[in-house]
1. If you check ALA138, ALA145, ALA159, ALA150, which single one turns out to be of a type in the set (A, V, I, L, M) and more than 23 Å from the chain's Cα centre (by Cα)?
2. Those residues that are open to solvent by less than 20 Å² (accessible area, probe 1.4 Å) and within 16 Å of the ligand (Cβ to nearest atom), I need them from the range 144-170; list them, please.
3. Enumerate the strands (runs of 3 or more DSSP E) found wholly within the range 76-171, keeping only those where 1 or more residues are closer than 15 Å to GLY33 by Cα.
4. Scan the range 55-95 for residues that are acidic (Asp, Glu) and within 14 Å of the ligand (Cβ to nearest atom) and jot them down.
5. Can you tell me how many residues within the range 354-373 are over 14 Å from the mean Cα position of the chain (by Cα) and either open to solvent by less than 10 Å² (accessible area, probe 1.4 Å) or assigned by TED's automatic domain parsing to the domain that holds ARG254 (or both)?
6. Considering only residues that are open to solvent by 30 Å² or more (accessible area, probe 1.4 Å), without any contact (Cβ under 8 Å) to a residue 60 or more places away in the chain and either more than 28 Å from MET43 (Cα to Cα) or assigned to a strand (DSSP E or B) (or both), which ones fall in the range 301-346?
7. List every residue pair whose Cβ atoms sit under 8 Å apart, with the two residues 6 or more apart in sequence or on different chains, where the first one lies in the range 90-119 and is in the same structural domain as TYR42 (by TED's automatic domain parsing) and open to solvent by less than 50 Å² (accessible area, probe 1.4 Å) and the second, anywhere, is acidic (Asp, Glu) and at pLDDT 95 or above.
8. Looking at the range 243-255, I want the residues that are assigned by TED's automatic domain parsing to the domain that holds ASN349 and have a partner that is in a helix (DSSP H, G or I) with Cβ atoms under 6 Å, at least 6 apart or on another chain. Which pairs are those?
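The values are calculated or read from the model by the stated rules, or taken from the named source; none is laboratory data. A quick note: this is a predicted structure, and the numbers were derived from the prediction, not measured. Positions of Cβ are backbone-derived with ideal geometry, glycine not excepted, and every protein chain shown enters the neighbour counts. Areas reflect the complete protein model, heavy atoms only, side chains present, ligands, DNA and RNA absent. Shrake-Rupley method; radii C 1.70, N 1.55, O 1.52, S 1.80 Å.
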Amino acid sequence: MSLTDTIIIGAGPYGSSLAAHLKAAGVDHQILGEPMGAWRNYMPPGMLLRSEAFASSMHAPRSGFTVEDYCRLKGLPYRPLGMALPLETFVEYGLWFQKNLVGEIQPVDVLALRRVGDQFQLSLSDGRSLAARRVVIALGLKGFAQTPTALQELPPQYASHSELYGNLEWARGKDIAIVGGGQSALGLSALLNELGARAHVLMRESSVVWHERPHGGRNILSRIKGPDAGLGRGWRSLFLSEFPGVFHMLDPRRRKLIMEHTYGASGAWWLHDRVVGKVQISHRTVVRSAAIENDRVVLNVLTDGKEARVSADHVIAATGFKTDMRQHAFLSKDLADAISNQGGMPDLNSHYETRVRGLYVIGPASAHSFGPVMRFVYGTKHASPTVARHLIGSLKAGSRQRAWPVTHAPMPERSGE
Ligand SMILES: Cc1cc2nc3c(=O)[nH]c(=O)nc-3n(C[C@H](O)[C@H](O)[C@H](O)COP(=O)(O)OP(=O)(O)OC[C@H]3O[C@@H](n4cnc5c(N)ncnc54)[C@H](O)[C@@H]3O)c2cc1C
């Protein structure tokens, strides 16, 4: 089995951006996963990106590879703010980025990752095995979908999670209940309504928080009061977008508070007119239980304290994600336990390394450590150069750093920061 220095698991924006940096620096690496797989397979055609166009670029090791550069090259319309980038354009941009900056991407799944001595061993879906000194996990939101308990026992033909869409043609002419009050719920409801399904959104919030349409050309005073940032307008957004390294230095309790109380459920400005007055929304509504009756799913809900029944052909839980590394079935149990805190989140140091030396986590699963920007492509701006610098630095430091103490500890822990 040949030994690679670094293997990146996942070929979405995070894995690709890091691979581009490693390729530029001449670091021996391999990248595994379906190129832009999550965006190509699990997002509904016709979807518009929630992030502004200027904040949707994957970070590159050299200039010329932003969404703006791509749109200019292809003669597509581009505005940094207030444009609503189509999913299809973003996917094509991602594939173009990969073609130009990333080496060969192997479209295989990792079925098992384990630590053997001072190496990681990977079993792949095509039957091969690989070994690496360092592994970077860049799997996006995979495995982290949260479904309310009331819906968990429903058979898959009656209930699904918003993480899986995907083409929505199957829903034409059907009654679809959507549980949730955020971008996924509202976005799906608009698309479903437009293709001729009857969508009914059930949300516990008493109203929808709509984002204001951003526009350029603001005067200087307005821009000082509320600067435009990767995560949205305002100084808080600017801090969280540009300084994930400082977020990492905050006390863990403060980080947790920020994660829980910023960027709650909301809808993008471009969804407002496609939803309001067109899609049925029940506010202050929670689902208590669900059952199948006459080939329909019947939800027992509580709206403003009053019980009611909602009947549909299918229910979609657009109820978000919760990072839990133990959900990654390909991780050996000892690795999963070693890298996870009690809640299942990876405990990362300032260069995204887990408690197991040589094992890194980037992307949405690192948000607990580096802030909400890691849930967006914009976070590649910090993650990729930081991890690449660390990997290059430790390579330069020579083999002394890689001679891990395998004899007295089964799982070499990283040293201090
Ligand atoms: C509906 C929806 C809309 C979103 N809209 C936006 C938006 O507008 N702007 C934004 O910035 N973010 C958005 N996001 C968040 C977005 O998912 C992340 O910003 C981004 O995709 C994270 O990139 P990633 O590289 O970490 O993971 P992903 O893009 O999810 O890529 C994961 C990669 O891992 C691969 N993979 C999975 N399992 C395995 C395995 N076992 N072995 C090997 N490879 C594997 C996949 O094939 C894929 O290549 C949205 C998310 C959702 C669900």
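1. On the way: ALA138 fails: more than 23 Å from the chain's Cα centre (by Cα); ALA145 fails: more than 23 Å from the chain's Cα centre (by Cα); ALA159 fails: more than 23 Å from the chain's Cα centre (by Cα).
Every option except ALA150 fails the conditions.
2. Those that are open to solvent by less than 20 Å² (accessible area, probe 1.4 Å) and within 16 Å of the ligand (Cβ to nearest atom): PHE144, HIS161, SER162, TYR165, GLY166, LEU168.
3. Working: elements: 110-116, 119-124, 129-137, 159-161.
Per the criteria, 110-116, 119-124, 129-137.
4. Initial filter on the range 55-95 (acidic (Asp, Glu)): 68-69, 88, 92.
The one that is acidic (Asp, Glu) and within 14 Å of the ligand (Cβ to nearest atom): GLU88.
5. Here is the first cut: in the range 354-373, the residues over 14 Å from the mean Cα position of the chain (by Cα) are 354-360, 369.
Now narrow it down to the ones that are either open to solvent by less than 10 Å² (accessible area, probe 1.4 Å) or assigned by TED's automatic domain parsing to the domain that holds ARG254 (or both): 354, 356, 358-360, 369.
Number of matching residues: 6.
6. LEU302, THR303, ASP304, GLY305, LYS306, GLU307, ALA308, ARG309, LYS333, ASP337, ASN341, GLN342, listed by residue number.
7. The qualifying pairs are VAL108/ASP126.
8. That search, which allows pairs on different chains as well, returns nothing.
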